[in-house]
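Bear in mind these aren't lab numbers, they're just calculated from the coordinates by the rules spelled out. In this text the structure is predicted, and so the values were computed from the model without any measurement. Using ideal geometry, Cβ is built from the backbone for each residue, glycine included, and neighbour counts are taken over all protein chains shown.
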Amino acid sequence: MTAGKVRVWDFPVRLFHWSLVTMFATAYLTSDDAEALHQWAGYIALGLVAFRIVWGFIGTPHARFADFVPRPARLANYLGLLARGREPRHLGHNPAAAVMIVFLLAMVAVIGSTGWLMTTDWGWGNETIEALHAGAVKLTLAAIAFHVVAAVFESMRHRENLVLSMLTGYKRR
Ligand code: HEM
Ligand code: HEM
C-alpha cells in the first residue's frame, strides 16, 4: 500500500477492463472486412464477460456485485443527490456507474451471442439476428460514450483520476 492510497481494483478487474476495451474496439473496427479477427475478438469479449460475472461473486471486495450493484432506493437517492450536485464519493463503483456496468456487460453478451448465432445453420442469413447484432452495437457505442464522459465528470467532481485508477488499481483514501 502506498501512503494515502488504497488498493481498490484488483489485477483481474483491470486486466478484464482494458482487454474488453481492446476486444470491443478490435471487433468494431474489423466488422467490415476481417471476418476471422472480428469473430475472435468478439468471442474473447464474450469470454471476458463470462469471467467478470464469476469474478463478481468470488473476486476481491470492490470487484463483487454485492459491493456495487444498488437496490432501486439507493440508486434513486444517489441520482437525486447527483441532480443537486451533492453526490458522495464512492471508493468502489457509484450506484449510477454500477447500472452502466451491468448494462455494458449485458450488451456485450447480446452482441457476442447474436454474432455467434449468425455463424450457425439456424441463424445464418436471419435478418432479425443481424439487425439485433448491429442495433446492439450502436446502442452500446452510445452507452460507452456516456460511460467515458461520466468517468471524466466524476473524476473532476471528486478531484481524482478514475481512468488512472482503473490502470493502477489505487485510489485516494
Ligand atoms: C477508453 C474508454 C474507456 C474508459 C476511459 C473507461 C473508464 C472506466 C473507468 C474509469 C471505470 C471505473 C468506474 C468507476 O470508478 O466506478 C470503468 C469501469 C468499467 N468499464 Fe470502462 N472505460 C472505457 C471503455 C469501456 C468499454 C468499451 C467497455 C465495454 C464494452 C467498458 C466497460 C466497463 C466495465 C464493465 C466496468 C466495470 C469494471 C469492473 O468492475 O470490472 N468500458 N471504465
Ligand atoms: C463485442 C463484440 C462485437 C462487436 C462490437 C461487433 C460488431 C459488429 C458490427 C459493427 C457489424 C456490422 C453490422 C452492420 O452490418 O451494420 C458486425 C457484423 C457481423 N458480426 Fe459482429 N461484433 C461482435 C461480435 C461478433 C461475434 C462474436 C461474431 C461471431 C462469431 C460476429 C459475427 C458477425 C457477422 C457474421 C457479421 C456480419 C453480419 C452481416 O452480414 O451483416 N460478431 N459486427
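Need the full-extension length gain, TYR43 to VAL102, defined as separation in residues times 0.36 nm minus the C-alpha distance. One decimal, nm. Don't skip to the end; give the middle numbers.
Values: separation 59, 0.36 × 59 = 21.24 nm, distance 1.87 nm.
Once the chain is fully extended between TYR43 and VAL102, it gains 19.4 nm.
Would you work out which of VAL69, LEU117, ALA36 lies farthest towards the positive end of the dipole of segment 20-160, given +1 charges on the beta-carbon of Lys and Arg and -1 on that of Asp and Glu, about the Cα centre?
The one lying farthest along the dipole's positive direction is VAL69.
How much length is gained if the chain between THR22 and ALA151 is pulled fully straight, taking 0.36 nm per residue apart and subtracting their Cα-Cα distance, in nm to one decimal? Provide the component values of the computation, followed by the final result.
Details: separation 129, 0.36 × 129 = 46.44 nm, distance 1.79 nm.
Result: 44.6 nm gained on full extension.
Filter the DSSP H helices in the chain by two things, a Kyte-Doolittle mean of at least 0.5 and an axial alpha-carbon span of 30 angstrom or more, and list the hits by number. Let's see the in-between values first.
Working: long enough: 35-58 (35 Å, 1.13); 95-117 (33 Å, 2.09); 127-157 (44 Å, 1.01).
Helices passing the filter in the chain: 35-58, 95-117, 127-157.
How far apart, in nm, are the 7 Å Cα→Cβ label points at GLU160 and VAL6?
It works out to 0.8 nm between the two label points.
Given the DSSP H assignment, sum -39500 (n - 2.57) over each helix run of at least 4 residues in the chain and divide by its residue total; what's the result at 222 nm in deg cm²/dmol, nearest 500?
Working: 7 runs with 120 residues, N = 173.
My calculation for the chain gives -23500 deg cm²/dmol from helical runs alone.
Would you mind calculating the gained length between LEU139 and ARG84 on full extension (0.36 nm times residue separation, minus the Cα-Cα distance), in nm to one decimal?
Details: separation 55, 0.36 × 55 = 19.80 nm, distance 2.79 nm.
Additional length available on full extension: 17.0 nm.
Which listed residue (ALA3, PHE24, LEU79) has the Cα farthest towards the positive end of the charge dipole for the chain, taking +1 on Lys and Arg C-beta and -1 on Asp and Glu C-beta about the Cα centre?
ALA3
Might you report the magnitude of the Cβ-based charge dipole of segment 1-144 about its Cα centre, with Lys and Arg at +1 and Asp and Glu at -1, to the nearest 20 debye?
1160 debye
Roughly how big is segment 28-79's charge dipole about its Cα centre, with Cβ charges of +1 (Lys, Arg) and -1 (Asp, Glu), in debye to the nearest 20? Working shown, then result.
Details: 4 positive and 4 negative charges, 111 e Å.
The dipole of segment 28-79 has a size of about 540 debye.
Roughly how many debye, to the nearest 20, is the charge dipole of segment 69-166 about its Cα centre, given +1 on each Lys and Arg Cβ, -1 on each Asp and Glu Cβ, and no other charges?
Details: 8 positive and 6 negative charges, 148 e Å.
The dipole magnitude comes to about 720 debye.
In whole Å, how far is the Cα centre of segment 68-144 from that of segment 30-60?
Their Cα centres are 15 Å away from one another.
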